[in-house]
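One structure below.
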Amino acid sequence: MKKDKKFLIPFSGLKIGTHHFTFKVDDTFFEKRDYSILKQGDVCFEVAFEKKESMLILNFSLNGNVVLSCNRCNDDLYKKVQGEYKLIYSFGDEESSSDTIIVLHPDSYQIDIEQQLYEFITISIPSRAIHKENECNQEMLETLNKYLLLKDTNNNKDSDEIDPRWAALKGLN
């Protein structure tokens, strides 16, 4: 995946203190990601970038809309996303085991926040994204129910017969 320069923050020329950045994410942002659960979107990020002598503190605030697949009927689902996240960038050569602390090489002069923006959007959507009642694709739901009913009738036939290996375990009380 080719890096997009519009998500780079060159911090080496910034004075110590707080700086504000705005980043917009649109459909092209999601299209270049293979295997993304998000299809489209329009999300705005406000970033409060605090530069200190030994670290960088970034506070992200996101607000927008994304398109993903409904977990029930697989049709497009429009979801509002919003959230606030914080990342700390420190300088050093050692690895960090924390999710919120990222270690930069001491010679670094810019940070690329593109992957973090995608991750923040992804964790802002609910774990189960479904349409509201009666908004799902009814044809798909009928097809699913048909196959679920077939599976249930097959399981009921087999449930009368107990596998002898499991029947032996019933007597172990």
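In nm, to one decimal, how far is the modelled label at residue 170 from the one at residue 135, with both set 7 Å along Cα→Cβ?
The answer from the label model is 4.8 nm.
Tell me the label only: which of (1) 137; (2) 223; (3) 109 is volume of the Cα convex hull per residue in Å³ as calculated from this structure?
Matching entry in (1) 137; (2) 223; (3) 109: (2).
Taking DSSP loops as anything outside H, G, I, E and B, show the longest stretch in the chain free of chymotrypsin sites (Phe, Trp or Tyr not before Pro) there with at most 15 other beta carbons within 10 Å.
36-108
³J(HN,Hα) across segment 131-143 via Karplus (A = 6.51, B = -1.76, C = 1.60, θ = phi - 60°), whole Hz, x for Gly/Pro?
5, 5, 3, 6, 9, 6, 5, 5, 4, 5, 5, 5, 5
Taking H as built 1.01 Å from N, whose amide H comes closer than 5 Å to the amide H of residue 11, not counting residues under 5 places away?
Long-range HN contacts for residue 11: 110, 111.
Roughly what would the spin-label model give for residue 63 and residue 46, points 7 Å off Cα along C-beta, in nm?
0.6 nm
Can you tell me the orientation of helix 114-124 relative to the chain, as the angle in degrees between its alpha-carbon axis and the longest Cα principal axis, to the nearest 10?
40 degrees
Give me the distance in nm between label points sitting 7 Å out from Cα along the Cα-to-Cβ direction at residue 37 and residue 112, one decimal.
2.4 nm
Two-decimal Rg/Rh of segment 35-87 from alpha-carbon positions, Kirkwood Rh?
My calculation puts Rg/Rh at 1.18.
Can you work out the PRE-style zone for residue 16? Point 7 Å along Cα to Cβ, and I want the residues of segment 47-77 with backbone N under 13 Å.
51-56
Here, each number is a calculation from the coordinates, and none is a lab measurement. Computed from a predicted structure; not experimentally measured. Neighbour counts are summed over all protein chains in view; Cβ atoms, including those assigned to glycine, are modelled from backbone coordinates with ideal geometry.
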